[in-house]
Ligand code: F6P
């Protein structure tokens, strides 16, 4: 329709121009042809006169003028010449044939003959009037008047007009036709060309964008991708992500395929209490916080290291136990490790090697050959467990974290059709930093067994891609963020992890939480309470935040006695010397600060270095005025998101390290550089004195962000991408089967 309108816009002026041309050209042509014919008739007349002149003069000289009449009659029998008259020089009619009209005398004939178009219209038709002297140059000589029939000229001129009009119409039609065809072809070609360019088709396709357009095409493509992403994100935000939506995604896009999660840390640890009863505990782990609600929604199997003292007591003969206790939503399959294996794989390679390597928190990574061997062997053990648990050839396997860099390729070797989603929960360093790992190539190759490789931020994805570029022979498509290694494609994408947003309002009101916490910690009611909740890890910036608290009390002594900082530090990896000495140092620094600023019962720093259950942490968050997260480097950090989720009263201030992935999502927090002690101390002061209205404004916005970007969205986005990959894989397999069948048919025909 659009093309037709475009063509009409072109054709209408063309037709108008041609009609105008015809209107001007046809009369002009008429005049021209008449003038040409008049000239011809004059020449012809002169010829006739020259032929007759001698005979006429002789007849007159001989006195035999009567003979002239018959001579004239004979001559006028000509097809064109219809009448002849002889006039004297003084306009006397001397002789005339019958065809000379009565109205035409000699004077009139001479007058008409002077016209450019010497034409006389008679009842019988138009005639040409020619007057020729019998003796040229003699003014007294007689004149011969010749009347030629003009009807043939009219006929010819009509014919010419007809031909001319037919020619103009024909020309018009031809031009119009050519125009339409050219317009159609070039429009279609252009549109198809543009479509091809925008689809990102390669150079070998027939419709090539000219080289000068290629940068422009890439720009347009990139912009379109951005817009598409924005649109997709916009759409995603319209509807909330929750367990139901995740379940329905699993059933629609993944057709209810089996989901298997693999992580080192198990979601529930069974231990015996002092009474000897078995109790289930949830470990302090961001990974567990995020993945557990997803598994409750998806069911399936979670494979993890059984590290609890009573873990073996509760599993069945195949090392399985249904969890969560009482709800039995999914299966936990436990893998057993000897202390030596745990030492090499978990403490050694994962936590003395990869952990400091990726966090770049100024602790040297340690790489031992024996740790690497253990790491490889345990990865293989988990891969075998995945294969044993898989009910189909193509399960969806969610591999979690840096403990399993080799696992994706090992699973792929045994289950080539599996969809493997690997999520790296910690940062990915730049290629130079990663390059110090002696097994860098093996690690990258192992990870590239994944279908999708997820990081928290785009920045970590970029670092990973650059690392592969530096150390492996792989094809990288930056535009699509994919890496093809040994014919296998991996999508490298950012999926910011999150928490489960509380479905119902918190049971205990904030004032009650505050009352309980203050009572437990013996705090005066006027205390400004700041809290930090972390694993007792050197990457969390606990030392830096203690320094900031100390600096605050130095700079603002009016807060001594009124400002208390409570640090919950969940014991972790204490078997490692690095951790033990760090933890001791923190204890010492806390004691020093308390000694310096403590008064009677008042202690500015409370270090609670033991395991806290989720409800206790939640109560603390609700009681606090400030939450301090000062990680030196963190993939995401979920503590800050949990604090935000706990504050349904829209009060409390979040102080957040700019080196935590979460800082990109939560700009309404007070963002600090934890290495800058003055800045962090000032942020603590600002938080302590922030008016309630500003707190509410910031907290409301933070809550909106965390609620919308909850953990179901994190899992949903990954699983939706996995669904797309599986669909693409199925289509490719079908095409391959079809091609193989056609090849076979062809071979048998040739045979
Ligand atoms: O930060 C990445 C992460 O896997 C967290 O999810 C988890 O809290 C921690 O590392 C691992 O802790 P652990 O060694 O105690 O399992």
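Within region 243-259, at least one residue is within 30 Å of residue 313 (Cβ to Cβ), away from the ligand (no atom under 16 Å from the Cβ), assigned to a loop (DSSP other than H, G, I, E, B) and modelled with pLDDT under 90.
Residues that are modelled with pLDDT under 85 and either loosely packed, with under 14 Cβ neighbours inside 10 Å or not in a loop (DSSP other than H, G, I, E, B) (or both) within region 138-158 comprise 151, 152, 153, 154, 155, 156, 157, 158, listed in sequence order.
Give 418, 474, 409, 507 a once-over and let me know the one that is touching a helix residue (DSSP H, G or I) at 6+ places or on another chain (Cβ under 8 Å), farther than 26 Å from residue 258 by Cα and more than 16 Å from the ligand (Cβ to nearest atom). Talk me through it step by step, then tell me what you get.
Numbers: 418 fails: farther than 26 Å from residue 258 by Cα; 409 fails: farther than 26 Å from residue 258 by Cα; 507 fails: touching a helix residue (DSSP H, G or I) at 6+ places or on another chain (Cβ under 8 Å).
The match here is 474.
Within region 315-328, can you find the residues that are assigned to a loop (DSSP other than H, G, I, E, B) and surrounded by 16 or more Cβ atoms within 10 Å (Cβ to Cβ)?
Pass one, region 315-328, residues assigned to a loop (DSSP other than H, G, I, E, B): 315-319, 324-328.
Matches in region 315-328: 315, 319, 324.
For region 479-504, residues that are touching a strand residue (DSSP E or B) at 6+ places or on another chain (Cβ under 7 Å) and part of a strand (DSSP E or B) total 9.
Only residues that are more than 19 Å from residue 689 (Cβ to Cβ) and without any contact (Cβ under 8 Å) to a residue 60 or more places away in the chain were counted in region 644-658, giving 1. Can you say whether residue 323 is more than 16 Å from the ligand (Cβ to nearest atom), at pLDDT 95 or above and within 18 Å of residue 613 (Cα to Cα), as far as the supplied structure shows? For residue 323, the condition - more than 16 Å from the ligand (Cβ to nearest atom), at pLDDT 95 or above and within 18 Å of residue 613 (Cα to Cα) - is met. Residues in region 422-452 that are within 16 Å of the ligand (Cβ to nearest atom) and outside any helix (DSSP H, G or I): 422, 423, 424, 425, 426, 427, 428, 429.
Closer than 29 Å to residue 287 by Cα and surrounded by 20 or more Cβ atoms within 10 Å (Cβ to Cβ): which single residue out of 536, 563 fits that description? Outline the logic, then answer.
Numbers: 563 fails: closer than 29 Å to residue 287 by Cα.
One residue alone meets the criteria, 536.
Within region 276-303, residues that are touching a residue at least 60 places away in the same chain (Cβ under 8 Å) reach partners that are within 11 Å of the ligand (Cβ to nearest atom) and part of a helix (DSSP H, G or I) with beta carbons closer than 7 Å, at six or more positions or on different chains, in the pairs 282/288. Inspect all residues belonging to region 301-308 and state whether any of them is more than 14 Å from the ligand (Cβ to nearest atom), part of a helix (DSSP H, G or I) and either touching a helix residue (DSSP H, G or I) at 6+ places or on another chain (Cβ under 8 Å) or at pLDDT 95 or above (or both). No: region 301-308 contains no residue that is more than 14 Å from the ligand (Cβ to nearest atom), part of a helix (DSSP H, G or I) and either touching a helix residue (DSSP H, G or I) at 6+ places or on another chain (Cβ under 8 Å) or at pLDDT 95 or above (or both).
Can you work out which of the residues in region 386-406 that are under 28 Å from residue 353 (Cα atoms) and outside any strand (DSSP E or B) is farthest from the ligand (Cβ to nearest atom)?
The initial filter retains those residues of region 386-406 that are under 28 Å from residue 353 (Cα atoms), namely 386-387, 397-406.
Of the ones still in play, those that are also outside any strand (DSSP E or B) are 386-387, 401-406.
Values: 386: 19, 387: 24, 401: 5, 402: 7, 403: 8, 404: 11, 405: 13, 406: 17 Å.
Looking at the filtered set, the residue picked out is 387.
Checked against (1) surrounded by 17 or more Cβ atoms within 10 Å (Cβ to Cβ); (2) within 49 Å of the chain's Cα centre (by Cα); (3) modelled with pLDDT of 95 or more; (4) more than 25 Å from residue 428 (Cα to Cα), residue 506 meets all criteria but (3).
Provide a single number: the residues in region 489-503 that are closer than 28 Å to residue 672 by Cβ and buried (at least 18 other Cβ atoms within 10 Å of the Cβ).
7
Within region 355-385, the only residue that satisfies the criterion of being touching a strand residue (DSSP E or B) at 6+ places or on another chain (Cβ under 6 Å) and either within 16 Å of the ligand (Cβ to nearest atom) or without any contact (Cβ under 8 Å) to a residue 24 or more places away in the chain (or both) is 382.
Looking across region 333-347 at every residue that is under 21 Å from residue 408 (Cβ atoms) and assigned to a helix (DSSP H, G or I), the one that is nearest to the ligand (Cβ to nearest atom) is identified as 346.
For region 669-685, a residue qualifies if it is touching a strand residue (DSSP E or B) at 6+ places or on another chain (Cβ under 8 Å), surrounded by fewer than 19 Cβ atoms within 10 Å (Cβ to Cβ) and either over 17 Å from residue 530 (Cα atoms) or touching a residue at least 24 places away in the same chain (Cβ under 8 Å) (or both), and exactly one does: 673. Within region 628-663, the residues that satisfy the criterion of being closer than 21 Å to residue 357 by Cβ and within 12 Å of the ligand (Cβ to nearest atom) are 631, 633, 634, 635, 636, 637, 660, 661. Within region 536-557, residues that are at positive phi and away from the ligand (no atom under 16 Å from the Cβ) have Cβ atoms under 9 Å from residues that are in a helix (DSSP H, G or I) and modelled with pLDDT of 95 or more in no pair, counting only partners at least 6 apart in sequence or on another chain. For residue 351, the stated conditions do not hold, so it cannot be described as within 20 Å of residue 459 (Cβ to Cβ) and modelled with pLDDT of 95 or more.
Among the candidates 283, 267, single out the residue that is within 13 Å of the ligand (Cβ to nearest atom) and at pLDDT below 95. First the steps, then the outcome.
On the way: 267 fails: at pLDDT below 95.
Of the residues listed, the single one that is within 13 Å of the ligand (Cβ to nearest atom) and at pLDDT below 95 is 283.
Of the residues making up region 61-78, those that are in contact with a helix residue (DSSP H, G or I) (Cβ under 9 Å, 6 or more places away or on another chain) and without any contact (Cβ under 8 Å) to a residue 12 or more places away in the chain number 4. When region 118-137 is examined, which residues are found to be exposed (fewer than 14 other Cβ atoms within 10 Å of the Cβ) and more than 30 Å from residue 65 (Cβ to Cβ)? Residues satisfying the conditions are 121, 123, 125. Among the residues of region 286-300, those identified as away from the ligand (no atom under 15 Å from the Cβ) and outside any loop (DSSP other than H, G, I, E, B) are 296, 297, 298. For region 666-687, what are the residues that are more than 34 Å from the chain's Cα centre (by Cα) and in a loop (DSSP other than H, G, I, E, B)? 674, 675, 676, listed by residue number.
What residue, of 622, 580, is at pLDDT 95 or above, over 26 Å from residue 457 (Cα atoms), more than 13 Å from the ligand (Cβ to nearest atom) and surrounded by 15 or more Cβ atoms within 10 Å (Cβ to Cβ)?
Details: 580 fails: surrounded by 15 or more Cβ atoms within 10 Å (Cβ to Cβ).
On inspection, the qualifying residue turns out to be 622.
Of the listed requirements (1) free of Cβ contacts under 8 Å to residues at least 24 places away in the same chain; (2) crowded, with 17+ Cβ neighbours inside 10 Å, residue 595 misses just one: (2). Does any residue of region 513-526 turn out to be in contact with a strand residue (DSSP E or B) (Cβ under 9 Å, 6 or more places away or on another chain), in a loop (DSSP other than H, G, I, E, B) and buried (at least 17 other Cβ atoms within 10 Å of the Cβ)? Within region 513-526, one or more residues are in contact with a strand residue (DSSP E or B) (Cβ under 9 Å, 6 or more places away or on another chain), in a loop (DSSP other than H, G, I, E, B) and buried (at least 17 other Cβ atoms within 10 Å of the Cβ).
The values are calculated or read from the model by the stated rules, or taken from the named source; none is laboratory data. Quick caveat: nothing in here was measured; it's all calculated off a predicted structure. With ideal geometry, Cβ positions are generated from the backbone for all residues, glycine too; neighbour counts draw on all protein chains shown.
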